[in-house]
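Let me begin by presenting the structure, written as structure tokens, before commenting on it.
The values are calculated or read from the model by the stated rules, or taken from the named source; none is laboratory data. These figures come from a predicted structure and were not determined experimentally. Reconstructed Cβ throughout: ideal geometry from the backbone, glycine too, with neighbour counts over all protein chains shown.
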Amino acid sequence: MSSTTPPAVASLSDDDVHFIDRLRDSFRRFSTELGKVIVGQKETIEQLAICMFARRHALLMGVPGLAKTLLVGKVAETMSLGFNRIQFTPDLMPMDITGTDILQESNEGRRAFQFIKGPIFANIILADEINRAPPKTQAALLEAMQEQRVTVLGKTFELDSPFMVLATQNPVEQEGTYPLPEAQLDRFMFLIELDYPNEEEEIQIARTTTGDDASTLSPVMTGEEIIGFQKLVRRVPVPDHIYEYAAKLVRKTRPQGETAPAWMKPYVSWGAGPRAVQNLILGAKSRAALQGSYMVRLEDLQAIAKPVLVHRIITTFAAQAEGISAKQIVQRLIDEME
């Protein structure tokens, strides 16, 4: 280690320190480029980047008109990645996502089955209104998320890296939908909630979207660089007290556990599982690297605790009747940890 390397990064090589600096600079350029077309949403952009470099997927929740599709498409553009949008509908079939074998006739007149790839074969997938498709179709997407491959008619096809699924749900219209079961929600690292812009941002949106100029974004990194940064994030050191904090916080969300606070037990029927601890650590590692930190800090974990935990906590009818949300419960648990 060089004499200029901070003592707190004894487990990092000089090359890793250099690559963290590169990742921080790349993330700043990435945010600047997106800012040319996306007004506000800085926290959302950071959370998407955290998921990308942690090699995880995210669920976006927001009412129509908040530029979810535009945002995801521009993220792919600035990262030089392939992008496909899948509109989920009640009649969507698994083969509409994965692809299927089609009987083709060659120039010699011979017939043979040829696999035609579906829209899942891209680097970034926007699964729009995922809760509008039946469970069988949802499962086809979730298998690809977990295994990064698809199986069609007994044949397995690997998906390209990097690979990231961003699914959206509309919190307003729930008639005729198939809500994701808790076990499937657990596959998503973050629940990213998009809110309405403030007045100043809404005026800026009107100015930038009603003219005749469409901004073209410049790529700030390649797919190979992203894969390298994803491997780097896994090597970011984590102090022991951060592991302990993550485990204690998750265990407090389980009403059946001894460490759950008494005030929470009437409001939560089921808490977060071990995957939440894994995602807290991975998310904190990714955020630390994006911020240019050479090790995970407590503030990194606290910053991503709500998007990791909110969709993993099932509230009771009593909580719903009193207007107590999972987000409020998580925030109080964090406050009590300090």
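Each residue in region 81-114 was checked for being in contact (Cβ under 8 Å) with a residue 40 or more places away in the chain and in contact with a Lys or Arg (Cβ under 7 Å, 6 or more places away or on another chain), and 5 pass. Taken residue by residue, region 117-132 has no member that is farther than 22 Å from residue 70 by Cα, at pLDDT below 85 and not basic (Lys, Arg).
Of all residues in region 271-289, those that are within 15 Å of residue 230 (Cα to Cα) have Cβ atoms under 9 Å from Cβ atoms of residues that are of a type in the set (Ser, Thr, Tyr), 6 or more apart or on another chain, in 281/243; 287/293; 288/294.
Within region 301-325, the set of residues being in contact (Cβ under 8 Å) with a residue 24 or more places away in the chain and among the hydrophobic types (A, V, I, L, M, F, W, C) comprises 301, 304, 305, 308, 309, 310, 313, 314, 318, 319, 324.
Considering only region 246-263, I want to know if a residue exists there that is over 20 Å from residue 56 (Cβ atoms), in contact (Cβ under 8 Å) with a residue 12 or more places away in the chain and either among the hydroxyl-bearing types (Ser, Thr, Tyr) or touching a helix residue (DSSP H, G or I) at 6+ places or on another chain (Cβ under 6 Å) (or both). Yes; the residues of region 246-263 include at least one that is over 20 Å from residue 56 (Cβ atoms), in contact (Cβ under 8 Å) with a residue 12 or more places away in the chain and either among the hydroxyl-bearing types (Ser, Thr, Tyr) or touching a helix residue (DSSP H, G or I) at 6+ places or on another chain (Cβ under 6 Å) (or both). Checking each residue in region 61-111 for being under 21 Å from residue 193 (Cβ atoms), modelled with pLDDT of 80 or more and small (Gly, Ala, Ser) picks out only 73. Helices (runs of 4 or more DSSP H) fully within region 204-303 that include at least 1 residues being more than 23 Å from residue 22 (Cα to Cα) and within 18 Å of the chain's Cα centre (by Cα): 274-290.
Among the listed residues 28, 24, identify the single one that is surrounded by fewer than 23 Cβ atoms within 10 Å (Cβ to Cβ), part of a helix (DSSP H, G or I) and free of Cβ contacts under 8 Å to residues at least 24 places away in the same chain. The unique qualifying residue is 28. Against the definition (under 23 Å from residue 182 (Cβ atoms), modelled with pLDDT of 90 or more and among the β-branched types (Val, Ile, Thr)), how does residue 296 come out, yes or no? Answer is no for this residue. Residue 292 passes every criterion in (1) among the small types (Gly, Ala, Ser); (2) in contact with a helix residue (DSSP H, G or I) (Cβ under 9 Å, 6 or more places away or on another chain); (3) surrounded by fewer than 22 Cβ atoms within 10 Å (Cβ to Cβ); (4) within 22 Å of residue 193 (Cβ to Cβ) apart from (4). Would you confirm, using the coordinates I've provided, whether residue 333 is part of a helix (DSSP H, G or I), under 14 Å from residue 247 (Cα atoms), at pLDDT 95 or above and touching a Leu at 6+ places or on another chain (Cβ under 8 Å)? Judged against the criteria, residue 333 is not a match. Within region 310-328, identify whether any single residue is touching a Pro at 6+ places or on another chain (Cβ under 8 Å) and part of a helix (DSSP H, G or I), and answer yes or no. Yes, some residue in region 310-328 is touching a Pro at 6+ places or on another chain (Cβ under 8 Å) and part of a helix (DSSP H, G or I).
Of the strands (runs of 3 or more DSSP E) lying entirely inside region 45-152, those carrying at least 1 residues that are over 17 Å from residue 186 (Cα atoms) and in contact with a strand residue (DSSP E or B) (Cβ under 9 Å, 6 or more places away or on another chain) are 83-87, 99-105, 111-117, 124-128, 149-152.
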